[in-house]
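Reviewing the structure listed below.
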Amino acid sequence: MASVTQLGYLGLGVKDGGAWKQFATNVLGFEVNAGDDQGTFYLRMDEYHHRFLIHPGDDDLAYIGWEVPDSQTLQAVAARLDKAGVRVTLGTRDEADTRRVLDFIKFEDPSAIPTEIYYGPYLSERLFQPTRPLTGFRTGPLGLGHLVVYQRDLEKSIAFYRDVLGLRLSDFVHLTTPQGKLTAVFFHCNPRHHSIAFVETPPLPKRINHFMVELNALDDVGLGRDVCLQRGVPIPIDLGKHTNDRMVSFYMSNPSDFMVEYGWGGRSVDDSTWQVQHWTSGSIWGHPGLNDIAAKS
Ligand code: FE
């Protein structure tokens, strides 16, 4: 089935652009590049022109951008969305230029999260230069990393992401939290263990729980944690290793008051042998407070 192939970009709406620029360069190690209009800017972490578009907004995820290889695939996925009764809009030339893509479509996922599918990203000729010492980010065909969002109806969302967008189920994590039982569902669209995961909750103030970027070296993660400690960046969930994707990571707060997971060592999924799994804990070791935060954020 024609499918999205990677998490290509995220649009974020932020109240304090200045704080985000500082955070992106000093803590995450991303390049900040000027946008086409005032108040908008790009964050770069690899050969792509950008992986994040930052707009003035309400401190939340503004949109998710999924990549497909070509226009035929874009049309095939658009046709499936249409058949599923999802209202699809074509991106305008101006909007496509802002995203530095050849073409894209827009729609909402089952929980009304603005979602886009594009093809033809612009890759910058200029080498990516991390803004603090680090070896780099593991991206390429694996996409920018992953994100975890809230969904209103687990079954509906599973059907949408699997049968309409074409992602594949990786696994389920059933957590017992102080607030009760919670199920997280993980999906992949390339060898990265998950590009998106979600938990079912009633509507919350934010759409997003966190996004994750993966570093090329464990030392990058440790040095990033040192930077957080030196700069007083809160670490809501400290170092640990996840059960399902085997990522060694910690979670820091960003200026929009949701989390960024900074990780290393994630496993790869081979679709020819992968079987859906389930776990009853999110971590093999560490990640203190993970269950509490998953339940109440
Ligand atoms: Fe994560």
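The values are calculated or read from the model by the stated rules, or taken from the named source; none is laboratory data. No experiment lies behind these values; they were computed from the predicted model shown. For neighbour counting, all protein chains shown are included, and Cβ atoms are generated from backbone atoms with ideal geometry for every residue, glycine included. In case anyone asks, the SASA skips ligands and DNA or RNA and just uses the protein heavy atoms, side chains included. Shrake-Rupley method; radii C 1.70, N 1.55, O 1.52, S 1.80 Å.
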Next on the checklist: Rounded to the nearest percent, how much of the accessible area of the chain (1.4 Å probe, protein heavy atoms only) is carbon and sulfur?
Outcome noted: 53
Next on the checklist: If I build a Gaussian network model for the chain, linking alpha-carbon pairs within less than 10 angstrom, which residue out of F137, F172, F128 has the largest mean-square fluctuation?
Outcome noted: F128
Checklist entry - Is the shape of the chain rounded, prolate or oblate, going by the alpha carbon gyration tensor and its root eigenvalues a ≥ b ≥ c, with a/c under 1.5 for rounded and a/b larger than b/c for prolate? => result rounded
Next on the checklist: Going by Cα centres, the stretch 105-151 and the stretch 219-297 are how many Å apart?
Outcome noted: 18
Checklist entry - For M1, what accessible area in Å² do you get when you roll a 1.4 Å probe over the heavy atoms of the protein chains, rounding to the nearest 10? => result 140
Checklist entry - Between A112 and Q38, what length in nm is gained on full extension when 0.36 nm per residue of separation is reduced by their alpha carbon distance? => result 23.9 nm
Checklist entry - Under a 1.4 angstrom probe, counting protein chains only, how are D257, D16, D46, D70 ranked by accessible area, largest first? => result D257, D16, D70, D46
Next on the checklist: Between A76 and D153, what's the calculated FRET efficiency when r is the beta-carbon distance and R0 is 45 Å? Round to 0.05.
Outcome noted: 0.95
Item to check | Unit charges at the beta carbon, dipole of the stretch 51-101: most positive-side option, T92, A79, H55 | outcome: A79
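If each DSSP helix of 4+ residues adds -39,500 (n - 2.57) and the sum is divided by the residues in the chain, what number results at 222 nm, nearest 500 deg cm²/dmol?
Mean residue ellipticity, 222 nm, calculated: -5000 deg cm²/dmol.
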Checklist outcome for this item: As a percent rounded to 5, the proportion of antiparallel DSSP bridges among beta bridges in the stretch 49-149 is 70
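Checking the a/c ratio against 1.5 first, then a/b against b/c, what shape does the Cα gyration tensor give for the stretch 175-297?
Oblate, since a/c reaches 1.5 and b/c is not below a/b.
Pull out a ≥ b ≥ c, the square roots of the eigenvalues of the alpha-carbon gyration tensor of the stretch 110-240, then state rounded if a/c is under 1.5, prolate if not and a/b is larger than b/c, and oblate in the remaining case. Working shown, then result.
Details: a/c = 2.10, a/b = 1.28, b/c = 1.65.
Cα axes put the stretch 110-240 in the oblate bin.
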